[in-house]
Amino acid sequence: MSEIKNIEGLSVDEINKQLSMGAKFVVFQYCFSILVMTFKRGSAVYFIKAGESTVRHSLGFTLITLIFGWWGIPWGPIYSIGALFSNLTGGKDITQEVLNSMNSNR
């Protein structure tokens, strides 16, 4: 599993408490196109604290998609719409996958 961002300074107990209050682990999507080639990628994993907005974490990925994602035909517009929808609705929630991965490493 890749590095988890936004957990700096938090203990395991604090993370668990945040999770019980509604925090989550999310991945944001972005895409970029070069003529006929379109690349769809996911960000690093972000820990979103309870009550925290995802906007500041997803903004860069959303801008990359808005500027560079549309140009590849046919997948550029298709992937761009999917990435924008995902980012604007809070990113892809992968909390359960992260917890499963952490438990299997014990």
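The values are calculated or read from the model by the stated rules, or taken from the named source; none is laboratory data. As the structure is a computational prediction, the values presented were derived from the model and not from experiment. We place every Cβ from the backbone using ideal geometry, glycine too, and count neighbours over all the protein chains shown. Side chains are part of the model used for accessible areas, which takes the heavy atoms of the whole protein and leaves out ligands, DNA and RNA. Shrake-Rupley method; radii C 1.70, N 1.55, O 1.52, S 1.80 Å.
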| said: Could you compute the net charge surrounding LEU84? Neighbours are other residues with a C-beta less than 15 Å from the C-beta of LEU84; K and R count +1, D and E count -1. | reply: +3
| To the nearest 0.05, what FRET efficiency results for ILE81 and SER11 with a Förster distance of 35 Å applied to their C-beta separation? | 0.30
| request: Please give the contour-minus-distance gain from ASP93 to MET37: 0.36 nm per residue of separation, less the Cα-Cα distance, rounded to one decimal in nm. | output: 17.4 nm
| request: Mind sorting out which of (i) 15.4, 48; (ii) 12.2, 32; (iii) 14.8, 47 is the real Rg and Dmax of the Cα atoms in Å computed from the coordinates? | output: (i)
| Ellipticity estimate at 222 nm from DSSP helix runs (n ≥ 4, -39,500 (n - 2.57)) divided over the chain, nearest 500 | -13500 deg cm²/dmol
| remark: A 1.4 Å probe over the protein heavy atoms gives the chain a carbon and sulfur accessible-area percentage of 63
| remark: Given a Förster distance of 25 Å, the FRET efficiency implied by the Cβ-Cβ spacing of GLU3 and ILE73, rounded to the nearest 0.05, works out to 0.15
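In Å², what does the accessible area per residue of the chain work out to with a 1.4 Å probe?
62
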| said: Quick check: with the 1.4 Å probe, what order do ARG41, ARG56 take by accessible area, largest first? | reply: ARG56, ARG41
| request: Quick one: dipole size for the stretch 3-67, taken about the Cα centre, charges +1 on Lys/Arg Cβ and -1 on Asp/Glu Cβ, in debye to the nearest 20. | output: 240
| task | Count the DSSP beta bridges whose two residues both fall in the chain, then state the antiparallel fraction as a percent rounded to the nearest 5. | result | 85
| request: Step through the residues of the stretch 6-14 one at a time and calculate ³J(HN,Hα) from phi using the Karplus curve (6.51 cos²θ - 1.76 cosθ + 1.60, θ = phi - 60°), rounding each to whole Hz and writing x for Gly and Pro. | output: 6, 10, 4, x, 9, 7, 4, 5, 5
| request: Rounded to whole Hz and in sequence order, give me ³J(HN,Hα) for the stretch 20-36 from the Karplus expression 6.51 cos²θ - 1.76 cosθ + 1.60, θ = phi - 60°, writing x for Gly and Pro. | output: 5, 8, x, 5, 8, 9, 10, 10, 9, 10, 8, 9, 9, 10, 10, 6, 9
| note | Between MET102 and GLU52, the two model label points (7 Å from Cα along the beta-carbon direction) sit apart by a distance in nm of 1.3
| If you plug each phi of the stretch 67-75 into the Karplus form 6.51 cos²θ - 1.76 cosθ + 1.60 with θ = phi - 60°, what whole-Hz ³J(HN,Hα) values come out, in order, with x for Gly and Pro? | 7, 10, x, 6, 6, x, 10, x, 7
